[in-house]
């Protein structure tokens with residue numbers, strides 16, 4: 001005999017509690033409207049023009065990288081296309097903030113360079129750092145690559161930490177103080193203003209091939225460039241020529257200039273990048289993991305520089321210094337962090353840019369345009385689509401009500417519950433994963449209604465077959481559930497597999513359709529297992545159904561029987 005379901009009311013109650021928690025989270029985020037895609041509400045268009053002549057392969061590669069940055073999750077529905085032989089157009093749903101624009105336009109050429117030990121324009125005396133534990137971390141360097149006096153508990157000297165075997169990060173030397181080599185006199189007459197203009201011969205190139213040696217005794221030509229160089233205004237669009245094989249003179253966002261060695265570690269050595277708040281910190285940071293090549297160089301540099309606050313290195317992004325810490329300990333595993341007083345959006349933007357790689361081309365900032373665009377679908381088309389979807393749903397409900405009568409109420413209630421569950425998840429995913437609804441996405445949700453209805457039909461027909469074989473309704477519900485469960489799991493697994501394959505190999509809005517289809521199918525399984533089945537088990541306890549009332553849908557005439565079995569033969 002099939003075992004009857006125990007406490008179906010408790011299962012339904014737990015399901016509704018979980019649904020209530022989901023809507024409680026929606027209330028906390030304060031968003032009750034789903035994020036609409038570009039075709040439904042319009043958005044922002046960013047037009048990028050490449051500098052000089054670029055190959056079609058480089059243009060397409062840059063477009064692919066930008067698409068990964070703005071639509072890496074596959075559900076934000078951003079559109080990235082190429083136009084002509086030197087333009088990339090990015091269309092993003094909704095309002096676009098500055099950090100997203102930076103994510104799109106950033107070259108993401110990250111390099112680690114050693115800072116030459118020359119006297120700074122505003123030297124200061126560092127203070128010892130406080131002990132630190134936990135994950136590798138670096139403190140921000142907001143003003144200069146030389147540590148500034150402590151202003152508060154969070155303004156520690158810039159340092160890059162690494163875990164030792166015990167997982168603890170050693171503290172820095174408390175007696176470090178800035179020193180430097182004498183600065184050679186600037187070249188008289190027409191001194192170059194950029195190291196890219198210096199004509200290095202094979203002989204003097206040897207002077208900086210060893211970065212650690214060059215760091216303490218930079219070559220005179222580079223120092224002359226450093227002394228003659230003036231940092232551009234903060235709002236300047238002037239781009240620094242960043243040749244990884246040559247020393248570099250550049251500035252940070254605050255206008256402090258640096259003389260830097262040739263690149264020691266390239267951004268291509270980064271295997272992963274993510275944003276987060278380090279343990280016991282309040283500022284956002286970017287976590288980096290280097291490959292074996294980069295980790296080996298970082299280990300060698302940290303062994304030679306660890307604990308000495310006068311030996312610093314600069315993290316240079318697109319030619320600008322974003323942080324200049326010193327090694328507080330030896331880093332042997334290639335895991336480190338970049339900090340620099342980042343906001344959450346800035347840290348995530350930087351991590352996204354680094355994660356998906358550097359662009360193979362450079363864009364002309366003066367020709368970059370940002371404009372607001374309207375929805376591609378007119379309001380009447382959207383209304384017609386929504387009306388058609390609602391009409392189809394109502395027809396399904398009416399058909400089930402006429403065919404299954406009392407059991408049709410279970411179909412209607414299950415569809416309503418599935419609708420509320422879907423809406424809650426769409427709202428939560430819009431906030432957490434950037435999910436936006438487009439017309440293809442809405443189509444995916446509507447298609448899933450048919451999948452949900454199929455589950456009910458399979459279950460109900462199994463119950464009717466079991467009752468025709470002589471079982472009572474209460475026994476038939478559980479016996480039919482065992483068979484219907486296997487059938488529905490197989491059917492929904494095929495749908496989920498198709499959605500996953502489509503999501504992986506498709507592009508653009510088709511990903512949104514696949515995501516919506518997979519989401520709805522998973523919701524169908526949840527509703528089927530934790531609402532529909534226990535609800536039918538609960539109804540089987542009522543005389544209206546188990547005695548075969550004419551409106552129950554389980555009467556003898558409807559089942560094609562002379563009479564219903566009294567107790568069943570199970």
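Annotations for the structure displayed:
- The stretch 318-336, residues that are surrounded by 24 or more Cβ atoms within 10 Å (Cβ to Cβ) and not in a loop (DSSP other than H, G, I, E, B): 321, 323, 326, 327, 336
- Selection of first residues in the stretch 210-233 that are surrounded by fewer than 19 Cβ atoms within 10 Å (Cβ to Cβ) and of second residues that are at pLDDT 85 or above and in a helix (DSSP H, G or I), restricted to Cβ pairs under 9 Å at least 6 apart or on distinct chains, gives the following pairs, ordered by first then second residue: 212/300; 212/301; 212/304; 212/305.
- Total residues in the stretch 469-497 satisfying the condition of being free of Cβ contacts under 8 Å to residues at least 12 places away in the same chain and more than 30 Å from residue 560 (Cα to Cα): the figure is 3.
- Hey, residue 282 at negative phi and surrounded by fewer than 17 Cβ atoms within 10 Å (Cβ to Cβ) or not: yes
- Among (1) touching a helix residue (DSSP H, G or I) at 6+ places or on another chain (Cβ under 8 Å); (2) closer than 24 Å to residue 219 by Cβ; (3) at pLDDT 85 or above - the single one residue 252 does not satisfy: (1)
- Residue match in the stretch 431-443 (condition: over 23 Å from residue 502 (Cα atoms) and surrounded by fewer than 19 Cβ atoms within 10 Å (Cβ to Cβ)): yes
- Looking across the stretch 284-304, the residues that are in contact with a helix residue (DSSP H, G or I) (Cβ under 6 Å, 6 or more places away or on another chain) and outside any strand (DSSP E or B) come down to 291, 293, 294, 304.
- Qualifying residue in the stretch 10-31 (condition: within 26 Å of the chain's Cα centre (by Cα), surrounded by 11 or more Cβ atoms within 10 Å (Cβ to Cβ) and part of a loop (DSSP other than H, G, I, E, B)): yes
- Matching residues, the stretch 524-553, being outside any helix (DSSP H, G or I) and modelled with pLDDT of 90 or more: none
- The requirement of being closer than 12 Å to residue 110 by Cβ and in the same structural domain as residue 210 (by TED's automatic domain parsing) is not satisfied by residue 357.
- Test: residue 425 is in a helix (DSSP H, G or I), crowded, with 16+ Cβ neighbours inside 10 Å and in contact with a strand residue (DSSP E or B) (Cβ under 9 Å, 6 or more places away or on another chain): no
- For residue 309, the conditions (1) surrounded by fewer than 23 Cβ atoms within 10 Å (Cβ to Cβ); (2) touching a strand residue (DSSP E or B) at 6+ places or on another chain (Cβ under 6 Å); (3) over 23 Å from residue 351 (Cβ atoms) all hold with the exception of (1).
- Take the conditions (1) closer than 30 Å to residue 503 by Cα; (2) assigned to a helix (DSSP H, G or I); (3) at pLDDT 80 or above; (4) under 34 Å from the mean Cα position of the chain (by Cα); residue 359 misses just one of them, which is (2).
- One residue from 417, 396 being surrounded by 16 or more Cβ atoms within 10 Å (Cβ to Cβ) and closer than 24 Å to residue 438 by Cβ: 396
The values are calculated or read from the model by the stated rules, or taken from the named source; none is laboratory data. Predicted model only: the values in this text are computed from it and were never measured. Cβ sites come from the backbone with ideal geometry, for glycine too, and all protein chains shown count toward neighbours.
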